[in-house]
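The values are calculated or read from the model by the stated rules, or taken from the named source; none is laboratory data. Computed from a predicted model, the values in this text were never measured in an experiment. We place every Cβ from the backbone using ideal geometry, glycine too, and count neighbours over all the protein chains shown.
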Amino acid sequence: MLGIMDAPHWLTPQEQRAWRAHLAAHRLLFHQLDRELQAIGLSLNDYEILVNLSESPGRRMRMSELADATIQSRSRLSHQISRMEAAGLVTRQDCEDDRRGTFAVLTDPGWEMIQRVAPDHVASVRRHFVDLMTPEEVSTLEQIYTPIIDRLQALRGIR
């Protein structure tokens, strides 16, 4: 944070353009991918939850870990899981070794959904993102974002 007497270190015109390009690309890509998933009855947030659960041992995660992984508040995640439970995609299980803990568990219909939807979603990610770059640019993008992700996760106490 700036002290009262510190002058802001304004972005240069190039930094400002880069920052705004990043924001616009992120918003537009999120909107497009979400719109495409909405056509089959999922949101991008639903998809992210299904992916996290599908890749976890036993296809389940503690709700607190899932909230961290999806960068959602526990309250918002709880509402999201309730909607997904109503759709039969996930269920909740009590944690046997921690009475306060709850697991989100991928159901068989949830597993079938992710298997059915993932190929089209990956094709969309390729079409709207990956295929617009060279392999070298993809590598550079990973190198650029990794320290940013690491720093921000550390600030949140993740990893």
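Here is how the numbers come out for the structure above:
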read-out	value
Inter-residue pairs, beta-carbon under 7 Å, first in contact (Cβ under 8 Å) with a residue 12 or more places away in the chain and in the same structural domain as residue 56 (by TED's automatic domain parsing) and in region 83-106, second of a type in the set (Gly, Ala, Ser) and surrounded by fewer than 17 Cβ atoms within 10 Å (Cβ to Cβ), 6+ apart	95/101; 106/54
Selection within region 77-118 - β-branched (Val, Ile, Thr) and farther than 16 Å from residue 65 by Cα	107, 114, 117
Hits in region 84-103 (condition: surrounded by 14 or more Cβ atoms within 10 Å (Cβ to Cβ) and within 18 Å of residue 47 (Cα to Cα))	84, 85, 87, 89, 90, 91, 92, 103
Residue check, residue 134 surrounded by 13 or more Cβ atoms within 10 Å (Cβ to Cβ) and more than 20 Å from the chain's Cα centre (by Cα)	no
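Rundown of residues vs (1) more than 14 Å from the chain's Cα centre (by Cα); (2) among the hydrophobic types (A, V, I, L, M, F, W, C), yes/no style:
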site: 22; (1), (2): yes, no
site: 27; (1), (2): no, no
site: 44; (1), (2): no, yes
site: 73; (1), (2): no, no
site: 110; (1), (2): yes, no
site: 115; (1), (2): yes, no
